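Readers should treat all values here as calculations from the given coordinates under stated rules, not as data from a laboratory. Just so it is clear, the structure is predicted and the values come from calculations on it, not from any experiment. Quick reminder, even Gly has a Cβ in these numbers, built from the backbone with ideal geometry, and neighbours come from all protein chains shown.
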Amino acid sequence: MLNSTEMLRLVRAACNGDHLKLSQQIDLLADSVEKAKPTAYTTNLRRLAESEREKGLAVNASLAPVDGLTEPLLPPDGTHKPVWDKTVRELLDGLVAEYKKLDVLTAHNLAPRNRIILTGAPGTGKTTFASILSERLGLDGVILRTDRVISSQLGKTLTNIALVFDRLHMERKLLFIDECDMLLARRDNSHDVAEMRRATNLVLQKIDTLPDDCILVCATNMSSLIDRAAWRRFDVRVHMTLPDKATSRLIIMHRLKELNIQADVQPLDIDIEDVSPALLVQTVDNLSRKTLISGSETIPTDLFVNAFNSLKMEVSNQ
């Protein structure tokens, strides 16, 4: 049966006349009953849920399909496990634990944190974080396509934002917004058009009314562009740092192990830092391809050293 939190949501939806949310909660009740033993009771619950869903769609005509505005968040790459610092690892584990102990938190009038913003350079694992969180919580994840949500047509951007967020009241999902600075731009920028200032206002309002059973993960590598009023609306604010030398070595050696490739170097000989994990992994992958094609499974010392020296120079020149 439903736990106390889910039952409270069902009652609240009924009291508020929220047909879409009520439909979702009735479906959850039907799922729990069906696990025990499918009966005519389950069938009746499904019919009731569908009836409430139709009422909700009739009342909320704006909840049209959002095809093109979002796309599925891809599941984590099963062949690669990211290497993060202790802060990020503990944050991820903590968020998952909060949802597993939902009843405990609810008993003390608390809810799991569900508004998260990740900052940091490109390639530090922000999208991967959202993907892993989605998988571990069993939530479908979707990515908001900012390039399609923002429109040159007057008023269209606001309509698109409303469509995406209103859909979250109907479907329990994790919404990932990359480059969120485009939708949460500082409103004191005199060069911005009024439409984008209104877009920031709307997104702030939508964050405030985000359903408790949905999760919002925003990411940016340009945090200075984000409106100051946005920061306090996030339960979690974490900076994904570039790895130091020790962490860089760990990332490289870990990736070699995943690929079952040897390198004719000692870990302490690897002298690189402040380069994104994505570039480190990409370099290891490219070296491994070249080595395997040559008929070997061990990357030569000179090839290894030259590749990472070139990477350091490339990054320093950017």
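At a Cα cut-off below 16 Å, give the aspartates and glutamates reachable from LYS55, other chains included and same-chain residues fewer than 8 away excluded.
Candidates past the 8-residue exclusion: ASP18, ASP27, ASP166, GLU171.
I'd like the orientation of helix 4-16 relative to the chain: the angle between its Cα long axis and the longest Cα principal axis, in ° from 0 to 90, rounded to 10.
The angle comes out near 50 degrees.
Over the Cα atoms of segment 70-240, what radius of gyration and what Dmax do you get, in Å?
In order Rg, Dmax, the Cα atoms of segment 70-240 give 16.0, 48 Å.
Quick one: grab Rg to one decimal and Dmax as a whole number for segment 227-318, Cα atoms only, in Å.
When restricted to the Cα atoms of segment 227-318, Rg and Dmax are 16.4, 57 Å.
Quick one: of LYS173/LYS245; LYS100/LYS206; LYS100/LYS156, which pairs are farther than 31 Å apart, Cα to Cα?
LYS173/LYS245; LYS100/LYS156
Take every Cα pair under 8 Å in the chain that's 6+ residues apart, average their separations, divide by the length, and report that relative contact order as a whole percent.
Reported as a whole number, the value is 18 percent.
From the phi of every residue in segment 169-177, what ³J(HN,Hα) in whole Hz does the Karplus formula 6.51 cos²θ - 1.76 cosθ + 1.60 yield, where θ is phi - 60° and glycine or proline is x?
6, 9, 10, 7, 9, 9, 9, 10, 10
Amide H to amide H, which residues 5 or more places from ALA263 or on other chains are under 5 Å from it, using H placed in the peptide plane?
For ALA263, the qualifying residues are ILE299.
Below 8 Å, C-alpha to C-alpha, sequence gap of six or more: please give me the relative contact order for segment 70-240 in percent.
Reported relative contact order: 33 percent.
Quick one: if you take sqrt(5λ) for each eigenvalue of the C-alpha gyration tensor of the chain, what semi-axes come out, biggest first, whole angstrom?
42, 26, 17
Taking R0 as 45 Å, what's the FRET efficiency between ASP77 and ALA162 from their Cβ-Cβ distance, rounded to 0.05?
Rounded to the nearest 0.05, the efficiency is 0.85.
What aspartates and glutamates does LYS81 reach when the alpha-carbon gap must be under 16 Å and sequence neighbours fewer than 8 apart in one chain are set aside?
GLU90, ASP93, GLU135, GLU258, ASP285
Magnitude of the Cβ-charge dipole of the chain, K/R +1 and D/E -1, about the Cα centre, nearest 20 debye?
Magnitude of the dipole: close to 820 debye.
Could you compute the net charge surrounding VAL284? Neighbours are other residues with a C-beta less than 12 Å from the C-beta of VAL284; K and R count +1, D and E count -1.
+3
Just want the ordering: HIS108, HIS239, HIS19, HIS254, from fewest to most Cβ atoms lying within 10 Å of their own Cβ.
Placing the least packed residue first, the sequence is HIS108, HIS239, HIS254, HIS19.
Mean residue ellipticity at 222 nm from the helices of the chain, using -39,500 (n - 2.57) per DSSP H segment of n ≥ 4 over the full residue count, to the nearest 500 deg cm²/dmol?
Helix contribution divided over all residues of the chain: -16500 deg cm²/dmol.
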